Structures are given as structure tokens and as C-alpha cells.
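Asker: One structure, pasted below without further comment.
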């Protein structure tokens, strides 16, 4: 049996199997019913490994062991396998989420927080900085930073950036609003982003600017600024710099306050 390596790689990726498992499984699919020895020869898998591989596939619901001698194995129909894998993945995800939620009430998370607090106290303020690559990672860090805001959040972004932030961070903005945190957003307002402005209108104050810039200030202490124009860069290659420095952040916020006074408030028709 000749099966392309590319096809085997896809099976491994989609079904979460190792190389021997995909070889044995595809060999069995091509035969329907077969013995471990036959599958070993067809799939070019060491005979000493074929039995434990088939046992693993049986536990995962890919094959069924046929009673009798010699022992034979029957391939489960692929669509049924797909449904079984989906159920297992869903169950595993729920179990893992539950374990992580349960972790919040244990001594483990308290010890981790204690270690982190002690570590931060030993770090020089100038060392609390880093680069973030990829828009997905960037928005995860944005949410983390904004979520901890106590007084103010200042955002300067592009038109498309405004749409993305409203879509991805609105629940966080709503929680900040309930806590009394001031949220100010400036961006070049276009027809395309007016729906987003309307969506955030009762949560944040939005003003129009003709400046294309991308940064976020939190409590006048932390700043995240994106170094690329989001129009020109693929999301995978987007880059941001995060700095925890009250001196620089407060200076930037003072400059923003001056520019904010000159910006026009966006009126949203209801």
C-alpha cells in the first residue's frame, strides 16, 4: 500500500495520531478487516509495535477487535470516527477548563501569585518591557493590560483598528465602565467604522482625528504602541512594544490630552 507522506501528515494533524497509528489505520481502511501481522507488513510498521498501536486505536474508537483466532481488526467507518474524535476533543476541553477553573481555589495559584509578586518586586522598572509579535498575541496582551485598569484607558488607533477593538474588547470595556474607569478613543472616523462607534457610544468617548497612530495608555503607567501601519502589515507580522513606565506613559498622556482638546466629538445618530 502506497500512501503519500502529505496525506499521513494531514491525518496526524486532524485526528491527533502518531505516525505508526496513521500508517496502521490507513492500512486497515484499505483492507477493511485484517490481522496485526498483515497490517504490520502493509504499513511497514515493526510487528512488535503493531499490537500496542492497534490497542491504542481501539481505545480511541478507530478500530474494533473481531472475536476469534487469529485476532482480526475491523476499520470503523471514517465519518463515525470523525464524530467520535469531535466528542472526545470536546470532552477533553471541558475537563481541562474545569481543572483550570478549580485551580483558582487551590493553594497552587496562590503560590504562583506569591512567586510572581516577589519576582516583580526584584525587577527594575526599566526591565518591565517587551515586544509582542502577531496580532492575536497583541490583542491578548491588550485585553490583559486594559482589564487591570483602575482609572483611565486611552486609545489612539486607525479606522480598522477601531473596528477590531470594539469587536474584540467590548466586553472588557463594559466591565471597566461599570467600575468607573474613563475610556477615551481617538481614530480617523469613516463610514466603515461608524457602526462600531455607535456600538461603543454609551461606554467610551470617541473623537475624530486625522492622525494615524496606534497606541494604548493605561492609568498613565503602561503604554503599548504598535510600530507598524496595520494597512501595510499582515496580522501575523504585526509588532507592538509594551512598556511599564509611569514617567514615559504619563508624558504621552499629557501630550494626548492636548491633542484631545482639538479633536471633534463624534456624534452618533440614534
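Asker: Dividing the alpha-carbon radius of gyration of segment 132-174 by 2.2 N^0.38 Å (N being the number of residues), what value is obtained?
Answerer: The value comes to 1.12.
Asker: Tell me the mean residue ellipticity at 222 nm calculated for the chain from its helices only (DSSP H runs of n ≥ 4, each -39500 (n - 2.57), averaged over every residue, nearest 500).
Answerer: Result for the chain, helices only: -17000 deg cm²/dmol.
Asker: Further, regarding this structure: Mind sorting 237, 51, 20 by how few other Cβ atoms lie within 10 Å of their own Cβ, fewest first?
Answerer: Going from least to most buried by this count: 237, 51, 20.
Asker: Give the shape of segment 5-87 as rounded, prolate or oblate, defined through the alpha-carbon gyration tensor: a ≥ b ≥ c are the square roots of its eigenvalues, a/c under 1.5 means rounded, and otherwise the shape is prolate if a/b is larger than b/c and oblate if not.
Answerer: Judged from the Cα gyration tensor, segment 5-87 comes out oblate (a/c at least 1.5, b/c at or above a/b).
Asker: Could I have the simple spin-label model distance between residue 234 and residue 175, label points 7 Å from Cα toward Cβ, reported in nm to one decimal?
Answerer: With each label placed 7 Å out from Cα toward Cβ, I get 3.3 nm.
Asker: Report the label-to-label distance for residue 227 and residue 14 in nanometres (one decimal), using points 7 Å from each Cα along the Cα→Cβ vector.
Answerer: So the label points at residue 227 and residue 14 sit 4.0 nm apart.
Asker: Moving on. Give me the percent relative contact order of segment 125-265, please, defined on Cα pairs under 8 angstrom at least 6 residues apart.
Answerer: Normalised by residue count, the contact order of segment 125-265 is 32 percent.
Asker: How high is the relative contact order of segment 5-87, in percent, with contacts defined as C-alpha pairs under 8 Å that are six or more residues apart?
Answerer: 27
Asker: Once the convex hull of the C-alpha atoms of segment 123-270 is built, how many Å³ does it hold per residue, rounded to a whole number?
Answerer: Normalising the Cα hull of segment 123-270 by residue number yields 106 Å³.
Asker: Among bridges DSSP assigns within the chain, what percent are antiparallel (round to 5)?
Answerer: 75
Asker: To make sure I understand, if each residue's beta carbon is the centre and we count other beta carbons within 10 Å, what order do 60, 10, 104 fall in, fewest to most?
Answerer: So the ranking, lowest neighbour count to highest, is 104, 10, 60.
Asker: Out of (i) 18.8, 65; (ii) 27.6, 87; (iii) 19.8, 70, which label holds the value of Rg and Dmax of the Cα atoms in Å that was computed here?
Answerer: Here Rg and Dmax of the Cα atoms in Å agrees with entry (ii).
Asker: Here's something else I'd like to know. Multiply the residue gap between residue 35 and residue 264 by 0.36 nm, knock off their C-alpha separation, and tell me the result in nm, one decimal place.
Answerer: So the extension gain works out to 74.8 nm.
Asker: Please give the helix 5-15 orientation as an angle from the longest Cα principal axis of the chain, in degrees from 0 to 90, rounded to the nearest 10.
Answerer: Taking the Cα atoms of the chain, the angle to 5-15 is about 70 degrees.
Asker: Let me check against my output: what whole-number percent is the relative contact order of the chain, with C-alpha pairs under 8 Å and at least 6 apart?
Answerer: Relative contact order, the chain: 15 percent.
Asker: Which angle between 0 and 90 degrees, to the nearest 10, do you get for helix 47-59 versus the longest principal axis of the chain when only C-alpha atoms count?
Answerer: Tilt relative to the chain: about 60 degrees.
Asker: Please determine, in degrees from 0 to 90 and to the nearest 10, the orientation of helix 246-262 with respect to the longest principal axis defined by the Cα atoms of the chain, where the helix direction is its Cα long axis.
Answerer: Computed tilt is about 60 degrees.
We did not get these values from a lab; they are worked out from the coordinates using the rules stated. Remember, it's a predicted structure, so these values are computed and weren't measured experimentally. Counting neighbours? That spans all protein chains shown, and the Cβs are built from the backbone with ideal geometry, glycine included.
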